[in-house]
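Below: one structure, written as structure tokens.
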Amino acid sequence: MAMQLVIGDKNYSSWSLRAALAVDLSGAACDEVLVRLYQPDSRAHLLRHSPTGKVPVLITEQGPVWDSLAIAEYLAESYPEAQLWPAERQARALARSVCAEMHSGFIALRSQLPMDLARDQALTELPDDAQADIDRICAIWAGCRERFAAKGNYLFGPASIADAFYAPVAARLRSYHVALPTAAAAYVETIYRWPAFQRWYQAALQEVKR
């Protein structure tokens, strides 16, 4: 039986996007179950799948796995041949560190530039705390890509969980027309060329039209 990934609206749910990209990287057979968010019955629908009433949640034969980071780790352990984390230990530790920083930090960016893939407009003014988050993210991207550039265009060479976690940020920066250093702009372009991200992005745009 294929696993199921319960997600929210593709246009808005950054947490769902992270999990979906990790599933794609794993190569696992997995069906999507989309629950529209911000509806009167959204929480009731979600509680049928997840004990937290939130997305994403991965439904496995052994039971549910919730939270995007837990889902990513479950997939990495279940499909080791897919190498969702870098193979070298120090690189893997760095990848986990930057994912943890994304998972728990950058509150100003999250709140003031929420993910909206259909958006194509800058903010009137970018708050200083959001800019500080963006500066830190650009530094992470530049450091990782410079160190592992010989292996590929993603943060650690080939696409990994780290890219799944930073893809929603790349989308925010493009949607809000944020001015970026050359290296960061190149990484955003890499994310937008990622086939798995492109499929999600196109589905999100169609979702908004419905």
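Laboratory data are not the source of any read-out in this text; all were calculated from the coordinates shown. Because the structure is predicted, anything quoted here is derived from the model rather than measured.
Our coupling estimate for segment 156-173, obtained by passing each phi through the Karplus curve with A = 6.51, B = -1.76, C = 1.60 and θ = phi - 60°, is 10, x, x, 4, 9, 4, 4, 5, 4, 7, 9, 4, x, 5, 4, 5, 4, 5 Hz, Gly and Pro reported as x.
Among beta bridges from DSSP that stay inside the chain, the antiparallel ones total about 60%.
Once C-alpha pairs closer than 8 Å and six or more residues apart are averaged by separation and normalised to the residue number of the chain, the relative contact order reads 25 percent. With all projection directions averaged, the alpha carbon convex hull of segment 114-154 covers 4.0 nm². When the chain is treated as a GNM, springs tying every alpha-carbon pair under 10 Å, which of 32, 81, 189 comes out with the largest mean-square fluctuation? Result for the chain, Cα springs under 10 Å: 81 fluctuates most. Taking a straight Cα-Cα cut-off under 16 Å and skipping sequence neighbours fewer than 8 places away in the same chain, the lysines within cross-link reach of residue 54 are 10.
With 10 Å bins beginning at zero, the pair-distance distribution over Cα atoms of segment 89-197 amounts to 14, 51, 30, 5, 0 %.
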